[in-house]
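Have a look at the structure below before the remarks.
Each value in this text was obtained by applying a stated rule to the coordinates, not by laboratory testing. Because the structure is a prediction, the values reported are computed rather than measured. Counting neighbours? That spans all protein chains shown, and the Cβs are built from the backbone with ideal geometry, glycine included.
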Amino acid sequence: MKEQPEGALPKGISKPAQRALASVGVSRLDQVTRFTEAQLMALHGMGPKAFGIIKAALEAEGKSLSKGE
């Protein structure tokens, strides 16, 4: 079993959600922090399951999404 590269997007995110993130230049977990929940959920292909996985992974690293201020 191969290890996830440091900072990579977490496992379990669907291909459509991965493409949605790639369309806004996100290929690593830490890059997600510049977006708000509303911005991520507005991406075509991003669903509640993928969002939950991302949010949990961010919280595990002590990070969070942008508040949009």
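Looking only at the stretch 12-42, how many residues end up being touching a residue at least 24 places away in the same chain (Cβ under 8 Å) and among the hydrophobic types (A, V, I, L, M, F, W, C)?
9
Restricting attention to the stretch 33-64, report how many residues are hydrophobic (A, V, I, L, M, F, W, C) and either in contact with a Lys or Arg (Cβ under 7 Å, 6 or more places away or on another chain) or surrounded by fewer than 17 Cβ atoms within 10 Å (Cβ to Cβ) (or both).
Summing the residues that are hydrophobic (A, V, I, L, M, F, W, C) and either in contact with a Lys or Arg (Cβ under 7 Å, 6 or more places away or on another chain) or surrounded by fewer than 17 Cβ atoms within 10 Å (Cβ to Cβ) (or both) in the stretch 33-64 gives 5.
Write out, first by first residue and then by second, each pair whose Cβ atoms fall under 6 Å of each other, whose residues are 6+ apart or on separate chains, and whose first residue, in the stretch 43-55, is closer than 13 Å to GLY12 by Cα while the second is among the polar types (S, T, N, Q).
ALA50/SER14
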